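Shown next, in structure tokens, is the structure this report addresses.
Coordinate-derived values only; no laboratory data. None of these values were measured; they are calculated from a predicted model. Counting neighbours? That spans all protein chains shown, and the Cβs are built from the backbone with ideal geometry, glycine included.
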Amino acid sequence: MKFFENFKFSNLFSKKKIDENLLDNFEELLIESDVGTQIASDLKEKFKKEKIGKEIKDEKEIFDFLGEQISKILYPYEGKLNNLNKNSPSIVVVAGVNGVGKTTTIGKLGKLFKNEGKKIVFGAADTFRAAAIEQLELWSKKIGADFVKSDLGTDPASVGFKTAKFAEDNKLDIAFIDTAGRLQNKKNLMEEYKKIFTVLKKVNPEYPHETILVLDATTGQNALNQVEEFKKISNLTGLIITKLDTSAKGGILLAICKKFGLPIIAVGMGEQESDLHPFNSATFSKMLVEN
Ligand SMILES: Nc1nc2c(ncn2[C@@H]2O[C@H](COP(=O)(O)OP(=O)(O)OP(=O)(O)O)[C@@H](O)[C@H]2O)c(=O)[nH]1
Ligand SMILES: [Mg+2]
């Protein structure tokens, strides 16, 4: 949702003064943008303290103020992509519910590190669908990564194991392990997911170094549940939010950061290999408010 889609600035600010009524509208819009009631109310208070009764030049002044405040909230959660490359090999599990963009994100991450001359392997631990294995294999060919798979229906944990071993034996830099998009209520899938970690830890107790949860910016409030559920069954180390190139602006990230305190390490801005960018709180906040 466009942040101020329905916010008729020309009308609201015709008086060029901020009043209580306008502040209420402002708070409502923030809530609609999924930032969470607490943050909406905090932002409203800040706004009130600094701007109420004052003449304002134009709407840009409002955008700038709001953007700065949001950026301040998010800044502590700027993660570092290079954390994915701190060990040799670094073992990275990529998790998330159906269709959020896990496989595509692995392709893009691989491309990013390939550009830095790193040696990469993709492990197809989404063994439930043939198309999922093929999709990851295509990405591996496209960006020049090694690829590890097993037959359809094989235990996903065994693919995790094989991938980690492959990375060790071939002295690679990073192994990205793709997982099936599982819904929280499918208990057996969750068990399979947990087993990936148990088995990786048998290879090395430090594995995986990173477990990234991919979230789709178009999801809205449900993203909070997704983090909650995946946190219960794995030690999440970071988030990647995809589809920020759509009309979804990802206000939910504020609520997520406040609640879970996880670093956001990258944002997906499209379907192509170069469409992944480090998370920058200032850029993100500007986009959230202005676009
Ligand atoms: N616009 C846009 N589309 C994206 C982005 N990331 C992924 N997609 C698209 O979202 C769809 C799902 O992406 P996948 O990478 O297959 O998602 P997944 O999480 O692996 O899905 P499952 O394996 O089915 O759980 C595909 O059509 C991708 O091209 C993004 O940043 N922006
Ligand atoms: Mg996938």
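Suppose only helical runs count, i.e. DSSP H with n ≥ 4. What mean residue ellipticity at 222 nm does that imply for the chain under -39500 (n - 2.57) per run, divided by all residues and rounded to the nearest 500 deg cm²/dmol?
Working: 11 runs with 138 residues, N = 291.
Calculated from helices alone, the mean residue ellipticity at 222 nm is -15000 deg cm²/dmol.
Hey, which lysines would be in cross-link range of LYS86, C-alpha to C-alpha under 16 Å, not counting anything within fewer than 8 residues on its own chain?
The reachable lysines, counting only those whose Cα sits under 16 Å from LYS86, are LYS114, LYS118, LYS119, LYS171.
So for VAL97, VAL227, fewest C-beta neighbours within 10 Å to most, what's the order? Show your work: numbers first, answer last.
Details: VAL97 22, VAL227 19.
Sorted ascending by nearby Cβ count, the order is VAL227, VAL97.
Charges on Cβ only, +1 for Lys and Arg, -1 for Asp and Glu, centred on the Cα centroid of the chain; of PRO263, PHE197, THR211, which one is farthest towards the dipole's positive end?
It is PHE197, whose Cα lies furthest towards the positive end.
Which value, in debye to the nearest 20, gives the size of the charge dipole of the chain about its Cα centre, when Lys and Arg are +1 and Asp and Glu are -1 at the Cβ?
On the way: 43 positive and 41 negative charges, 103 e Å.
Computed charge dipole of the chain: roughly 500 debye.
Given +1 on the Cβ of Lys and Arg, -1 on the Cβ of Asp and Glu, and no further charges, what dipole in debye does the range 17-123 carry about its Cα centre, rounded to the nearest 20? Mind dumping the intermediate values first?
Details: 18 positive and 18 negative charges, 238 e Å.
Here the range 17-123 has a charge dipole of around 1140 debye.
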